[in-house]
1. Run Ala243 past the list (1) surrounded by 24 or more Cβ atoms within 10 Å (Cβ to Cβ); (2) aliphatic (A, V, I, L, M); (3) touching a residue at least 60 places away in the same chain (Cβ under 8 Å) and report the number of the one that doesn't hold.
2. Could you check how many residues of segment 353-374 are within 23 Å of the chain's Cα centre (by Cα), in a loop (DSSP other than H, G, I, E, B) and more than 16 Å from Asp48 (Cα to Cα)?
3. Of the residues Ala290, Ala282, Ala295, Ala262, which single one is touching a Pro at 6+ places or on another chain (Cβ under 6 Å), under 21 Å from Val343 (Cα atoms), surrounded by 24 or more Cβ atoms within 10 Å (Cβ to Cβ) and touching a residue at least 40 places away in the same chain (Cβ under 8 Å)?
4. For segment 287-299: of the residues being of a type in the set (Gly, Ala, Ser) and over 16 Å from Phe19 (Cα atoms), which is farthest from the chain's Cα centre (by Cα)?
5. Taking the criterion of being of a type in the set (Ser, Thr, Tyr), surrounded by fewer than 22 Cβ atoms within 10 Å (Cβ to Cβ) and not in a loop (DSSP other than H, G, I, E, B), would at least one residue in segment 334-352 satisfy it?
6. Taking the criterion of being at pLDDT 95 or above, farther than 22 Å from Leu71 by Cα and surrounded by fewer than 21 Cβ atoms within 10 Å (Cβ to Cβ), would at least one residue in segment 301-309 satisfy it?
7. Quick check: anything in segment 335-354 touching a strand residue (DSSP E or B) at 6+ places or on another chain (Cβ under 6 Å) and under 17 Å from Val266 (Cβ atoms)?
8. Could you please tell me which pairs satisfy a Cβ distance under 8 Å, a separation of 6+ or placement on different chains, a first residue in segment 146-159 that is closer than 12 Å to Tyr45 by Cβ, and a second residue that is modelled with pLDDT under 95 and of a type in the set (Asp, Glu)?
Amino acid sequence: MSNEMEIGRGKQGRRAYSFDDIAVVPSRRTRDPEDVSVGWQIDAYYVDVPVLAAPMDSVMSPATAVLLGQLGGIGVLDLEGLWTRYEDPTAILEEIAELDDARATARMQEIYAAPIQPELITARLKEIRDGGVTVAGKLSPQSTQQHWRTVVEAGVDLFVIRGTTVSAEHVSSTAEPLNLKRFIYELDVPVVVGGAATYTAALHLMRTGAAGVLVGFGGGAAHTTRVSLGIHSPMATAVADVAAARRDYLDESGGRYVHVIADGGVGRSGDLVKAVACGADAVMLGSALARATEAPGRGWHWGSEAHHPELPRGERVRVGTVGSLQEILHGPSRQADGTLNLVGALRRAMATTGYSDLKEFQRVEVVVSPYRPF
């Protein structure tokens, strides 16, 4: 059955859904939350909770990456951010938090114009490794060819190539594009790549040999991609489409499983629940973790799009502070708005609907039920 609708005589569009548009439905069975497993494994790395921290300066520093790892997740450090441009960016983070809104974007463009220092990439990744947790770092597709060797030699466990959108077939008339398939084949560490928002784009990324695909395009709290470029992909539909690509690629490849990671639109615990229900193996959290008292952004949140030198497609947004990283992930919660105890909420949702692990919960019944309380 097609869900396309006519926009006008010459154009049709497919109806797509955000996490706010759907809800999960209880089944005939329930469980105790203590009997539910939310563990997740990608390649050789097992983690207690299916959470990666978004590689954004407002979310991750080397210290918070270690803390998140100790709490059961994986912290991904932005290797093109302030921590690899400045020896000590503490004063700069304080300045960004105090900038006037009218001046914020222009000043951040100036701050991020400082060059990336390879020796700082090595030093920051060593800080995380010394913390005894999984070491994950991110480069954009544009910077991967220049800095990948430094990252690998520093001993990264998980290599993340993340952009607003990443394709396996980038075309350029001015530079040699990154050959993802060859790059991943020659690399000796698992690679997570994205964003992708469609079945076809995700299938092509899976065929490059990626261990995981990030799903999302301009859907985060700090993005303005929809208003600046007119491009948007509602996350519930995007995750479900990419999950279908994972299923088909599993058959095509003879059993190779590629992890689907929802990256964008997961700001509260209910969004995390619905991301897994739509087929995600894990989620990448930005604004949800930027609300932590330990977050480098001090209650503010921004991504690399916010300081793009030519066309900013994001902004610095105020998300406030709600509790510690421990409380945000594992509770206890003192409020009922879905900003605290995200993992506890996932456990309870799985228990309420009768599912014992994440793979089972991907089969939960979902209904279209638009609901916007906030």
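1. It is condition (1) that Ala243 fails.
2. Step one: filter segment 353-374 for residues within 23 Å of the chain's Cα centre (by Cα), giving 357-364, 366, 372, 374.
Now narrow it down to the ones that are in a loop (DSSP other than H, G, I, E, B): 357, 362-364, 372, 374.
Then drop every residue that is not more than 16 Å from Asp48 (Cα to Cα), which leaves 362-364, 372, 374.
Of the residues in that region, 5 qualify.
3. Values: Ala290 fails: touching a Pro at 6+ places or on another chain (Cβ under 6 Å); Ala295 fails: touching a Pro at 6+ places or on another chain (Cβ under 6 Å); Ala262 fails: touching a Pro at 6+ places or on another chain (Cβ under 6 Å).
Answer to the selection: Ala282.
4. In the first step, residues of segment 287-299 are kept if they are of a type in the set (Gly, Ala, Ser); the result is 287-288, 290, 292, 295, 297, 299.
Next, only the ones that are over 16 Å from Phe19 (Cα atoms) stay: 290, 292, 295, 297, 299.
Details: Ala290: 13, Ala292: 17, Ala295: 16, Gly297: 17, Gly299: 19 Å.
Per the criteria, the residue is Gly299.
5. Yes, segment 334-352 contains a residue that is of a type in the set (Ser, Thr, Tyr), surrounded by fewer than 22 Cβ atoms within 10 Å (Cβ to Cβ) and not in a loop (DSSP other than H, G, I, E, B).
6. Looking for residues that are at pLDDT 95 or above, farther than 22 Å from Leu71 by Cα and surrounded by fewer than 21 Cβ atoms within 10 Å (Cβ to Cβ), one finds none in segment 301-309, hence no.
7. The answer is yes, given that some residue of segment 335-354 is touching a strand residue (DSSP E or B) at 6+ places or on another chain (Cβ under 6 Å) and under 17 Å from Val266 (Cβ atoms).
8. Leu158/Asp43
The values are calculated or read from the model by the stated rules, or taken from the named source; none is laboratory data. In this text the structure is predicted, and so the values were computed from the model without any measurement. Note that each Cβ is placed from the backbone with ideal geometry, even for glycine, and that neighbours are counted across all protein chains shown.
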